[in-house]
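What follows is a short report on a single structure.
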Amino acid sequence: MTLNSVRIRGDGVAARCCGHLLGRAGYRVSFESRDRPRVPLIMLSDAAQNLIRDIFERHDLFRDLPVIRKRIVQWGSEPVELDHAAVVVSEEQLLDRLGMVSCEGQAEWTICAAPPLPAQTVEHRFGSRMASAMKVEMKSTARTDACWVESLEDGWLFLNSGWLIAVGARPEELLRRSELVGEQIDSCGDAVARFAASPRMITPLGGDGWIACGSAAMGFDPLCGDGTAHAVREAILASAVIRAADLGGDVDSLLSHYEARLTAGFERHLAQCREFYFSGGSGEWWKRETEACVEGIRWCGSRMDGTFRYRLEGLELKRV
């Protein structure tokens, strides 16, 4: 079999994972990089690190990165200190470590891991919450191996390694009322980014010669901290769909399976969000965002019949 060429739009984690997997399988892979701000801080759990190490076959990927060992949470109750196991890394650092090799060629498939998307796609968003990210100076008494999470009347705060994420009300208002996070901060700079923090998904996720992946396909609430691992899993499945199609598999059936699997993962994320927002507070803001999660769960349920046509065996899709 003569292997095809694939064009990947974007150069983030999902894009590079697709490129690595398909390149390893013998495909000619070209990248269309997109100029966009990089995420200042990503926290990767042990499970996420192991997944990325296995895919890239690089056991030194996360060596010498700062380690978070404690998570201190004040979520509708008194503060609780919990054990944690994660590393923190900027997106720029992570992408530098993953690397990227591009070989130009006429592509039979396009992986949309960044905009623009095909005209027929529609975005479905569940919630209206906005987030701000800003650099802060930590107090000398603040732990260097901990992160802090705090719910307030109309939003929440997350603090980690000198970066603050504020969701809901204006950051200065949330900090003014904070009892936990604010006590760790000596000074706070201006917001360097403002972005939508509510979960979203596009439909369809694929069509004639294209498939969407990563942040172009789905967006996750940063509260759950699993967006990067989701992006990697999407890349694994998208790459497997392309390989199975090029081996003679039915493209429509493969794309339907891909959409069903991603919808199931999106539903699990919304269910996790619902629990967090239900328990975070009793005000109107919390009720509104919880109701949006419930709406999203219903939407996912309306699109799934509970059956999957394929299963992953290693990195290959096999018909059930």
Quick query: amide H of residue 8 versus all other amide H atoms, modeled in the peptide plane; which residues come in under 5 Å with a sequence gap of 5 or more or a different chain? 30, 31, 32, 111
Once phi for every residue in the range 277-286 is put through the Karplus expression 6.51 cos²θ - 1.76 cosθ + 1.60 (θ = phi - 60°), the whole-Hz ³J(HN,Hα) values, with Gly and Pro written as x, are 6, 5, 8, x, x, 10, x, 4, 4, 5
Write down the Kirkwood hydrodynamic radius of the chain, to one decimal in angstroms, obtained as one divided by the mean of 1/r over all alpha carbon pairs. 20.7
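What ranking do 78-84, 238-244, 145-151 get when scored by the average of other Cβ atoms within 10 Å per residue, highest first?
In decreasing order of mean packing, 78-84, 238-244, 145-151 become 238-244, 145-151, 78-84.
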Sparsely packed GluC sites (Glu not before Pro) within the range 170-217, loop by DSSP, other Cβ within 10 Å at most 16: 179
I'd like to know which of 134, 106, 195 lies farthest towards the positive end of the charge dipole of the range 72-206, counting +1 on Cβ of Lys and Arg and -1 on Cβ of Asp and Glu. 106
What full-extension length gain, to one decimal in nm, is calculated for residue 70 and residue 183 as 0.36 nm per residue of separation minus the Cα-Cα distance? 39.0 nm
If the range 195-240 were replaced by its equivalent ellipsoid, with semi-axes equal to the square roots of 5 times the Cα gyration tensor eigenvalues, what would those be, largest first, whole Å? 20, 13, 6
Tell me, what are the semi-axes, in whole angstrom and largest first, of the equivalent ellipsoid of the range 104-245 as set by the roots of 5 times the Cα gyration tensor eigenvalues? 37, 16, 12
What share of the DSSP beta bridges in the chain is antiparallel, in percent to the nearest 5? 75
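Taking the Cα centre of the chain as origin, sum charge times position over the Cβ atoms of Lys and Arg (+1) and Asp and Glu (-1), and report the length of that vector in debye to the nearest 20. Working shown, then result.
Details: 38 positive and 45 negative charges, 103 e Å.
So the magnitude is around 500 debye.
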Taking alpha-carbon centroids only, the range 261-320 lies from the range 191-230 a number of Å equal to 13
Please list, by residue number, every one of the trypsin sites (Lys or Arg not before Pro) in the range 1-110 that is coil in DSSP and has at most 15 other beta-carbon atoms within 10 Å. 34, 38, 58, 63
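Every read-out reported here was derived from the displayed coordinates using simple, explicitly stated rules and does not represent laboratory data. Bear in mind the structure is a predicted one, so any value in this text is a computation, not a measurement. When we count neighbours, we look across all protein chains shown, and the Cβ atoms used for this are built from the backbone with ideal geometry, even at glycine.
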